[in-house]
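Just below is one structure, and these are the notes that go with it.
The values are calculated or read from the model by the stated rules, or taken from the named source; none is laboratory data. Keep in mind it's a predicted model, so treat the numbers as computed, not measured. Here the Cβ positions follow ideal geometry from the backbone for every residue, glycine too, while neighbour counts run over all protein chains shown. All accessible areas refer to the heavy atoms of the entire protein, side chains included, with ligands and DNA or RNA removed. Shrake-Rupley method; radii C 1.70, N 1.55, O 1.52, S 1.80 Å.
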Amino acid sequence: MSDQSIPNETAFGVICKANRTWFSGAVAVLSLLVWPALTAAIAADDELSIDAEGSLFFQQHVLPILSEHCFSCHAEDTAKGGFQLDTRSRLVRGGESGAVLDADAPEQSVFLQAVRYEGYEMPPRGKLPEAQIETLRHWLAMGAPYPEDRLGEPDEQRVESPGTRVTEKDRQFWAFQPLTDPPVPTLAGNDWGLNAVDAFIAAGLSEVGLNPASVAAPEKLLRRLHYDLTGLPPSGERVQAFLADPSLAHYQQIVDQLLASPAYGERWGRHWLDLVRYAETNGYERDGAKPEVWRYRDYVVDSFNADKPFDQFTLEQLAGDELPYSDQHLIATGFYRLGVWDDEPADPKLALYDDLDDIVATTSQVFLGLTINCARCHEHKIDPITHADYYRLLAFFNGIEPYGVRGFDSVERASLRPLLPPQESLEVTEETQRYRQQMEQLNRQINRVERKLQADLVQVEKEEFRHEMNRVALARKRVGTLLDEDEWEQYAENLAARRRLGDNPPRSVARALCVTEIGSQPRPTYVLTRGNPHAEGELMQPGFPEVLGAAQATPEPSVHAGTSGRRTQLARWIIDRKSQPLTARVTANRLWQYHFGRGIVGTPNDFGFQGSPPTHPELLDYLASRLLQFDWHLKPVHRLLVLSETYRMDSSFREEAFAVDPTNQAYWRFEPRRLSAEEIRDSMLSVAGLIHRTLGGPSVYPVIEAEVLAGQSRPGSGWGNSSPGQLARRSIYIHAKRSLQVPLLATFDVADMDFTCPVRFATTQPTQALGLLNSEFTREIADAMARDVQRTLPAAEREDMVAEVLRRTTQRAHFSDAEIERGIQYIDSLTTVHDQPEQTALQLFCLLAINLNEFLFLD
C-alpha cells in the first residue's frame, strides 16, 4: 500500500493534558484538520486500503498495541473526545478538534508525537516501550493500513467542535446582533423614576411583582456618590451643606462638581488599569522595573479627566504610534508593554507567541468582551470562534517588536522612545547612540592604562589616584618603565576627551515606554498547530472573527515608515459602530457595573455563549446607544446613571423582595459593597488629614515591613524610598510591583496584575481585621488622626472628640446619645482601667473607628 493512499489530512485523537493532570478527570481528545475530500479518499479505491501485507502487519503487530492501550477509551461505544480508532474510517474522521496524521511527513504526525510524549502524552498511564513506538512508526510509514473488516463506514461524519463552523444560529446570538435603540417602556399608573433608566428597571420590577426601594437617606446617597465618582469620602462641610439642602437640583450640582474633579480621573482610571493588567514591573524571578511606565498611568487619568471620547481613547492605545505624532499618542501605546516579560525564555519563539497571546487576550476581552484567546490551540470549545479567527486577529499584532531580549539595554532599544516627533526622535536617538559609543570607546582605552597604573601605585598614590586631576601626573612618573611616551600622551588625550564629552551630553529628553514595530513588513502569520510555534500551518492574513462578518482586512499604509498600519485598521474596526456591536455594549456594561456593583451582563469580559445573559438587554442597548449618541463621551452616561432613581435607591434589605429575587437581579434595592483596597487606604489618609492630592508623576514606595520584604529572594530589591509627603499620595500612584504588593492592598483584594481583571473579589477574611488592628500603617493613621482631631478641637470635651472621629469615619453629621456614650466609655476604660494616657486612648479610639463596618462598607 502506497503512502499516497492516506488522505493529506487525516485525524487521530490526542489526549490533551495540562500539567500532567487530566482535565475533569476525563481524557480530552484533540484532533486537528480534516481532509476536504474525506469520503472520496476512503471510498475512491478499496483495493488501495486493503493491502495483504499491511493487513497482516496490523493484525500481528499494531492491533495488540491498540487493543491493550487505546481501545478502552477510543473504540466501539466509547469515544473520549469524540474520537475512535478501531476502524479506518473513524481514524480518518477524527475527533473534536483535528487530524494527527501527516501523509507527506509521517514522522511529523501528531500521532507519533503523542506516543513519543513530545507534547501530548498517549497513552496516559505510561509511555509505550520503544519497540512498540517503532512498530507504530513503521505502520504510519506504510500508510496506516487496516484489514477489510476494519475499514468502517466511508460516510461517517467528522466530529466537530463548536467553533469549526459558524452557523446562522450562532450569528443570531444576542451579543452579535446589531445594536438597537429600544423605545423607553411606559407603565400605566407608574410615577416612579427620573429618567429612562428607571423606566427600564420599573418594567423589570413589574414583571416579577416587586416595587423599588425608596430614596436613600441624604448622607448615604452623598457618600455613595462621592466614592463611586472619586473614590474618596465627602468632606464634613459638604455633608452639612447637602443635609441643609438635599434637593435634586443640589444633588445634580454635586454630580457635576465631582465629574469635574481631578479625583474622578484617578478613580475611573484605576478601573481601566485593572482591565489592561497595569503593572510597573515585568514579573518572574527578577521582576525588573518597566522604565517610564508611569506615564501610561498618567495618560489614563488625564484621559478620563478630559472626558476623552472612548473611541479616541481606544484608537490611541491600539495604534497611537500610527497616528500623527503627539506625546499622548505615543505614551498611550504603553498598553502593549504592560504584560509580564520573561527575560530568559527557554524557547524564544514560544515566548514571542506567549507575549502576542497576552495582547490578543487583553484586546479581545477588554474591547470586545470575547475570549478569542481560547482558540489559540484549537477551535473555541464554547463560542463560534475558529482557530483561524485567532490567528487572523494575531496577524494585526505580528509586526510588534518584542519588549526586549535580555537586560535593560535591549528594553531601551525596543521599547523606549524620546517624546519628540519621529524625525527629531530619530536624531536624538542617533545622537545618544553616538555619545555612548564614543564614551564606551574612551572608557575602554582609559581602563586599559589605568589597570596597569593601579597595580603599580603605592599607598599615598592610591589616595591621589581617586581624583582624576592627579592621574596624568601619576602616569607621567611611569613613562619609560610601565608606559612609553606615546601611551602616556594618548592616555592624557583620552582623559581630556572624556571630560569634554561629559560636559556636552546629548539632549536630555523625556522618554515613553511604547510599542515599536520591526518595520513596515510584519512577520508572516501562520495557524500554529495546537498553538505550537514550531508547527506552522496555513498562512493567514489579518481579519476579523467570522461570526462578526469575517471581513478580511486591507491595511492602509501607516503615516510612519516604521509600522505596517495594521493596528490602525483593527482599532478603527473595533470602534466602528457599523462593523460590530460589541464595543459599545461592553463599554456601557462596564459603566453600569462600576456604579451598581455588577454588570447588566454579569461576565463583563465574556459576552459569549458561556457568559451570563443580560438581565436587562433592552436597557443595555439603550445605554450603548446613548454612549454613541454622546459621541463616546463617558461623563454624560455617568450623569444619566447617577441621576436615576435606580441609583438613588436605598440599600435596605426587604424580606418580601428577597423571597422573590434573592440575588437582586431586578434591582429592587441598591446593592451595598465593601470599599476597594485603594478606597480603604485613601480614606484612611483622608480622615487622618494626611492625604497628598498631587496628580501624576513617578510612583511612590510606601514603607513595607521588613517581615514582608524578607519573603523576596533579595529582600527589599526593587522597592525604593519616598519622602513622607509622597507616602501620603493616593494609592493609584503606588509602585505596582508584581512580586511585592503593599500588604493592606493585597489583603483587601487589589487587582491581579498578570491578566485583565474585569471584576475584583470582595472577600471577608480574618487577616483583614488583623491587619487593620495591628499593622504599622493603621497605627500611624490612628495616631495622625488623633493628633489632627486635637488640633482641630484644641479645647474640646471627650464627647466632641468622639463625635468628630465618628463624623470623619462614617461621614454622618449626627449621632445618637448611645453612640457617643459608647465612645466615651471606651476612652474612659482605657485611661482608668488600663492606665493609658489620654492621647493613647484617643488614638486607640481612632483605630477602632477605622475598623467599623460603617467605615469599610458603602450602602
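Diffusion coefficient of the stretch 457-610 by Stokes-Einstein, Kirkwood radius over Cα pairs, 4 °C, 1.567 mPa s: 56 µm²/s. Evaluated at q = 0.06, 0.08 Å⁻¹, a Debye calculation over the C-alpha positions of the chain (equal weights, vacuum) places log10 I(q)/I(0) at -0.56, -0.90.
When each of the peptides 731-744, 346-359 is scored by the mean number of other C-beta atoms lying within 10 Å of its residues, the order from highest to lowest reads 731-744, 346-359. The ratio of the alpha-carbon radius of gyration of the stretch 213-334 to the globular-protein estimate 2.2 N^0.38 Å is 1.36.
Compactness of the stretch 772-859 is given as radius of gyration and Dmax, 12.3, 38 Å, from Cα positions. Screening the chain for whole DSSP H helices with an alpha carbon extent of at least 20 angstrom along the helix axis and a mean Kyte-Doolittle hydropathy of at least 0.0 yields 348-363. Per residue, the accessible area of the stretch 108-156 comes to 45 Å² when a 1.4 Å probe rolls over the protein heavy atoms.
Binning the C-alpha pair distances of the stretch 53-131 at 5 Å intervals from 0 yields a P(r) profile of 3, 14, 21, 30, 23, 8, 1 %, listed from the shortest bin outward. Give me the base-10 log of I(q)/I(0) for the stretch 286-350 at each q in 0.13, 0.19, 0.27 Å⁻¹, Debye formula, one uniform scatterer per Cα, rounded to two decimals. Relative scattering, expressed as log10 I(q)/I(0), comes to -0.44, -0.76, -1.16. Pairs exceeding a 28 Å alpha-carbon distance, out of K349/K381; K290/K349; K308/K578; K381/K737; K290/K578: K381/K737; K290/K578. For the stretch 532-604, the equivalent ellipsoid derived from the Cα gyration tensor has semi-axes of 30, 18, 13 Å, listed largest first.
For the stretch 503-619, which whole-number percentage of the solvent-accessible area (1.4 Å probe, protein heavy atoms only) is attributable to carbon and sulfur atoms? Whole-percent figure for carbon plus sulfur exposure: 48. For a straight C-alpha distance cut-off of 25 angstrom, the lysines reachable from K220 (same-chain residues fewer than eight places away being disregarded) are K635. Using the Cβ-Cβ distance between S206 and H250 with R0 = 25 Å, the FRET efficiency computed as 1/(1 + (r/R0)^6) comes to roughly 0.25. Only helices enter the 222 nm calculation for the chain: every DSSP H run of n ≥ 4 contributes -39,500 (n - 2.57), and dividing by all residues gives -13500 deg cm²/dmol, rounded to 500. Extension gain for the segment E655 to E107, taken as residue separation times 0.36 nm less the Cα-Cα distance, is 190.5 nm to one decimal.
Taking one quarter of the surface of the convex hull spanned by the alpha-carbon atoms of the stretch 744-810 gives a direction-averaged projected area of 6.2 nm².
Using the Cβ-Cβ distance between E118 and R238 with R0 set to 51 Å, the FRET efficiency from 1/(1 + (r/R0)^6) comes to roughly 0.15. Shown for the stretch 592-640 is the translational diffusion coefficient from the Stokes-Einstein equation, using the Kirkwood radius over Cα pairs, a temperature of 4 °C and a viscosity of 1.567 mPa s: 113 µm²/s. Compactness check for the stretch 246-304: Cα Rg over 2.2 N^0.38 Å is 1.60. When only alpha carbons of the stretch 733-775 are considered, Rg and Dmax amount to 11.3, 32 Å. A Förster radius of 25 Å combined with the Cβ-Cβ distance from Q437 to D486 puts the calculated FRET efficiency at roughly 0.55. Here is the P(r) of the stretch 338-465: all C-alpha pair distances, binned every 5 Å from 0, give 2, 9, 12, 12, 11, 11, 10, 8, 7, 6, 4, 3, 3, 2, 1, 0 in whole percents. Considering only Cα atoms, the convex hull volume of the stretch 444-526 works out to 226 Å³ per residue. Rg over Rh for the stretch 609-709 works out to 1.10, both radii taken from alpha-carbon positions and Rh defined as the Kirkwood radius.
Binning the alpha carbon pair distances of the stretch 632-772 at 5 angstrom intervals from zero yields the distribution 2, 8, 13, 15, 17, 16, 11, 8, 6, 4, 1, 0, expressed in whole percent.
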